[in-house]
Amino acid sequence: DGGITQSPKYLFRKEGQNVTLSCEQNLNHDAMYWYRQDPGQGLRLIYYSQIVNDFQKGDIAEGYSVSREKKESFPLTVTSAQKNPTAFYLCASKPTSGRAGNEQFFGPGTRLTVL
Amino acid sequence: GEDVEQSLFLSVREGDSSVINCTYTDSSSTYLYWYKQEPGAGLQLLTYIFSNMDMKQDQRLTVLLNKKDKHLSLRIADTQTGDSAIYFCAEILGGGYNKLIFGAGTRLAVHP
């Protein structure tokens, strides 16, 4: 089945540690996105990538880093510089052409808790 | 600026219609979306409407768009308990990477 997978589903981190969240898609989509969701708020864009080996900062990139070495993978690292990392993290992908609506497809999310 | 606003909570009786409202700010948005999020899950696209349309119907879902007032609504007919979820309105901005701006989400509670 085609889709987007995120792992792990739940992640616990001690303060001061870096942690990497996985996002993989087999939809052959060029563009991929990372969002952060906090209670009572909409999704906020952290980073996005339109093509392999290229990525751009979103609205809240501080304390995060990404890489895009392969088309199907877009891992997100939450660094110790991120002051309030506890949140629900959502990955999405989008085809760059050929589909009406330009919709983004979302993974199931990773809930990160800092202890 | 970029802003999408929604009321945070809606409670309806099973079998009634639900109407979730949204206002947006960017008049140049080409598409407007409704996403559904069930507890602990990712977002699922419910429907979208192109900016040159006034209405779109898809089974129990009806989307109405008032471009003059920048107002979007989602009507769910015959609301069921399985419709209980958070519903997000989103607009798409251009500029090369098609940035999505989300509202805070409306939590729909369906009771017997």
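Taken together, the values in this text are just the output of simple stated rules run on the coordinates, not laboratory data. No experiment lies behind these values; they were computed from the predicted model shown. Please note: Cβ atoms are built from the backbone with ideal geometry, for glycine as well, and neighbour counts cover all protein chains shown.
Give the average over all directions of the projected area of the C-alpha convex hull of chain A, one decimal, in nm².
That works out to 7.2 nm², a quarter of the Cα hull's surface.
Per-residue Cβ neighbour counts within 10 Å put A:M32, B:M53 in the sequence B:M53, A:M32, beginning with the fewest. The count of lysine pairs in region A:1-94 with alpha-carbon distances below 21 Å, taking only pairs 8 or more places apart or on different chains, stands at 7. Net charge of the neighbourhood of A:I51, taken over other residues with C-beta under 10 Å away and scored Lys/Arg +1, Asp/Glu -1, is 0. Taking the Cβ of A:R36 as the center, what net charge do the other residues with Cβ under 12 Å away carry, scoring Lys and Arg +1 and Asp and Glu -1? The answer is -1. Look at where the Cα atoms of region B:30-95 and of region A:11-49 average out, and the two centres are 23 Å apart. Among B:H111, A:H29, sorting on how many other beta-carbon atoms sit within 10 Å of each Cβ, with the fewest leading, yields B:H111, A:H29.
Note on B:K68 and B:S17: with the Förster distance fixed at 25 Å, the Cβ-Cβ geometry gives a FRET efficiency of about 0.55.
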